[in-house]
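The values are calculated or read from the model by the stated rules, or taken from the named source; none is laboratory data. What you are looking at is a predicted structure, and each value in this text was computed from that prediction instead of being measured. Please note: Cβ atoms are built from the backbone with ideal geometry, for glycine as well, and neighbour counts cover all protein chains shown.
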Amino acid sequence: MSPELFSLSPIVLLCLFGMFLSTFFARNLGQFIIRFVRISGRTEAALQAAPPAILMAVIAPVAFATGPAETAATALTALVSTRLPLLVSIILGVIAVFCFRLAFAML
Amino acid sequence: MSTNTHSASAHHAPHSPEKQSEFFLGVTTILPLLFATFPIGLLFGTLATQKGLSALEATLMSAMVFAGGSQFVALDLWAHPLPWVSIMVSTLLVNLRLVLMGMSLGPKAAALRGPKGMIAYFFLTDESWALYERRVLTKPLSFSFYFGVATPFYLNWVASTFVGAFLGSQVADPAKWGLDFAFTALFTYLIMSFWRGKRTGITLAVSGLSAVVVQQLVPGAWYIMAGALAGMGSAAALYDPNAPQEAR
């Protein structure tokens, strides 16, 4: 085993600990906040929209602002997702992006 | 919180059949996602070693942070000397969406209150959260189901990172085969599973457009929060108290 495979520098450990605190905080904050917020119909509508809104925001740069291959592959994945199981959809999406990238590179 | 039955034979068994079956239901629910995310972990481990992290450091990051999006952003910022403060802040920014997820799941998940719940929430991810949100539509979320989903997903993430880092540069560039798109394809599938008609379409359009605009104009990971809040805001704005309740 090469020694650098398992090396660990103190500054990296500090950074990892900082990242741990950030995620632990983010993951727990929501459930605390919501105990002190009265949920009206409107708030509930917003919270119900949270899942698709968040997931969409995460992928938007790749889906819409990276290139035509990624946009086309995202659209195709969305289309097949409505009728095919998860794993099949992902595999088709990966194959699609591979093919579209080749195709658009040749244009 | 726990539903301790007071039957005569119950010596408060942590491995009661009901809890076991709930745990395994969780495991089978997450199973397909393990195959989908293993390549992403491989990719992360490989990229991490190319950035100069040791296999141990890359694996520790996956074990301590367990949030793929922010880990990729951290690699993006990785440099010498290590800008650990910016990495910590951007980790928080990328993961602010977890605050919204906690707000959404919190009221529906009575089993996750208290100190035990704080540990449970550490294992919240986009993927598992989407499964929990779907679960609470039909049945209350149990602690056993929660960890039935979270445990294999966590181990899979840590293990795939280690394998990717161990193989390091020996693995051919995963992006060459389109595997970098697995993450986007997975999220696209999850988005479509929340489709509830035209309203969802509006939410998605507002969220996606806002995220792209903010991403182009504002450096850093603010676009996730901006898109999420805009999408949720549009849903709140379009809320009609007189409309018949939509099926959730």
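Brief remarks on what is shown
- Residue among B:Ala172, B:Ala130 that is modelled with pLDDT under 95 and within 12 Å of another protein chain (Cβ to nearest Cβ): B:Ala130
- Residues of region B:97-123 satisfying the condition of being within 14 Å of the chain's Cα centre (by Cα) and aliphatic (A, V, I, L, M): B:Leu98, B:Val99, B:Leu100, B:Met101, B:Leu105, B:Ala120
- Candidate set: region B:206-228, residues that are surrounded by fewer than 17 Cβ atoms within 10 Å (Cβ to Cβ) and more than 9 Å from chain A (Cβ to nearest Cβ); chosen: the one modelled with the lowest pLDDT: B:Gly220
- Looking across region B:81-103, the residues that are surrounded by fewer than 18 Cβ atoms within 10 Å (Cβ to Cβ), more than 7 Å from chain A (Cβ to nearest Cβ) and either at pLDDT 85 or above or in a helix (DSSP H, G or I) (or both) come down to B:Pro81, B:Val85, B:Ser86, B:Val89.
- When B:Ser86 is tested against (1) hydroxyl-bearing (Ser, Thr, Tyr); (2) touching a residue at least 40 places away in the same chain (Cβ under 8 Å); (3) over 22 Å from B:Leu33 (Cβ atoms), exactly one condition is not met: (2).
- Annotation: of all residues in region A:6-23 being among the aromatic types (Phe, Trp, Tyr) and within 22 Å of B:Phe123 (Cβ to Cβ), the one that is nearest to the chain's Cα centre (by Cα) is A:Phe20.
- Residues within region B:104-124 that are in contact with a helix residue (DSSP H, G or I) (Cβ under 7 Å, 6 or more places away or on another chain), touching a residue at least 40 places away in the same chain (Cβ under 8 Å) and not in a helix (DSSP H, G or I), tallied: 1
- Residue-level check: of (1) modelled with pLDDT of 90 or more; (2) more than 7 Å from chain B (Cβ to nearest Cβ), A:Leu8 misses just (2).
- Any hit, region B:232-244, residues being in a helix (DSSP H, G or I), within 13 Å of chain A (Cβ to nearest Cβ), touching a Leu at 6+ places or on another chain (Cβ under 8 Å) and at pLDDT 90 or above: yes
- Unique match (being buried (at least 20 other Cβ atoms within 10 Å of the Cβ), more than 7 Å from chain B (Cβ to nearest Cβ) and either modelled with pLDDT of 90 or more or within 18 Å of the chain's Cα centre (by Cα) (or both)) among A:Ala69, A:Ala53, A:Ala26, A:Ala57: A:Ala69
- Residue match in region B:129-142 (condition: touching a Pro at 6+ places or on another chain (Cβ under 7 Å), hydrophobic (A, V, I, L, M, F, W, C), within 27 Å of B:Ser16 (Cα to Cα) and in a helix (DSSP H, G or I)): yes
- Failed item, numbered, when A:Arg101 is tested on (1) among the charged types (D, E, K, R); (2) in a helix (DSSP H, G or I); (3) more than 9 Å from every other protein chain (Cβ to nearest Cβ): (3)
- Search result, residues across region B:183-196 that are part of a helix (DSSP H, G or I), at the interface with chain A (Cβ under 7 Å from one of its Cβ atoms), of a type outside the set (Val, Ile, Thr) and more than 13 Å from B:Gly69 (Cβ to Cβ): B:Ala185, B:Tyr189, B:Leu190, B:Met192
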